[in-house]
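The values are calculated or read from the model by the stated rules, or taken from the named source; none is laboratory data. Remember, predicted model here, so these are calculated numbers, not experimental data. Every residue, glycine as well, gets a Cβ built from its backbone with ideal geometry; the counts of neighbours run over all protein chains shown.
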Amino acid sequence: MTIRVLLADDQELLRLGFRMILNEEPDIEVVGEAGDGEEAIAAAAKYDPDVVLMDIRMPVIDGIEATRRIVSDNAAVRVLVLTTFDLDAYAFGALRAGASGFLLKDVPPSELVAGIRIVASGDAVVSPRITRRLLEEHAHLLELPGDDGGAKACAAMSTLTDREQEVLEAVAEGLSNAEIAQRLFVSEATVKSHVGRMLGKLGLRDRVQAVVFAFQNGIVRPDGAR
C-alpha cells in the first residue's frame, strides 16, 4: 500500500528537501504541498492524505490549529509534526490537538521515513514517556474536562474491564508492551490485544492519546502536582 503524504511547511526549500527524500521511497507518494496552515487544511480535504507532515510555526493559521481542524474533519488522517525543540509547548499543543507524534526538523532522512511509516500504520512516533514529560512540564496548560466532558470520560472508562484499566494506567506511565506484560504476567500479544480494545472503547487513536486522556481525567497526575 502506498502512503499518501501532504507536506505543510512555510519554507519552500524544506518542502523540496522532504519531497526529494520521500520520492526515493517506493511505498510513499507526496500528493500535495501547503505553505501555511490554511492551505494545509484545504489540501488535506482535497488530497485525502494518509499522513500530513506539519510544521508548527506557519503563517495565517499555525500548525496546531491546522492539526486540530484536519483531524476533526477526518479522523483517519495522521499528523506528524515538525518542530525545532523536542519538549516545547508547541509540541505539547500539537499532541493535544490530535497529532500522532512529532519529529525534529533536522531529523535524519531514515528517521523521517520511518516516522511516516509508523504513524501511517496507526501507531505513534512519540514514546509515551516523552509525552508524559511534556504533560508534566506543561501541566498548567491542560484543559481539564468540564461536567459534560468528565461525564463522557467516566462513561467511557466504565466500559473498560479491570485488566484494560490496568493497561491504561501502565500505558500512561510510559511502559512498553513488554514492560506491561512483565508487570501483569501475561504475553506481549495479550497486552497488544488489551491495548487495542482499550483504545477502541475510549475512542483514542494511539498510545500517546491514551497518556493525554489519563492526565486530563486524573488517572495519573504530573509529578509534583498539588
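Before moving on, here are some points about what is shown:
- Taking the criterion of being at pLDDT 95 or above and among the β-branched types (Val, Ile, Thr), the residues of segment 22-60 that qualify are ILE28, VAL30, VAL31, ILE41, VAL51, VAL52.
- The single condition among (1) part of a helix (DSSP H, G or I); (2) in contact with a Gly (Cβ under 8 Å, 6 or more places away or on another chain); (3) not aromatic (Phe, Trp, Tyr) that ILE21 does not meet is (2).
- One residue stands out among those in segment 1-21 that are crowded, with 17+ Cβ neighbours inside 10 Å and basic (Lys, Arg): the one that is modelled with the highest pLDDT, which is ARG4.
- Output for segment 157-175, where each listed residue is in a loop (DSSP other than H, G, I, E, B) and not acidic (Asp, Glu): SER158, THR159, LEU160, THR161, GLY174, LEU175
- Residue check: GLY174 meets all listed conditions (1) out of contact with any Pro (no Cβ under 7 Å at 6 or more places or on another chain); (2) surrounded by 14 or more Cβ atoms within 10 Å (Cβ to Cβ) but one, namely (1).
- Segment 119-131, subset modelled with pLDDT under 85 and in a helix (DSSP H, G or I), residue surrounded by the most Cβ atoms within 10 Å (Cβ to Cβ): THR131
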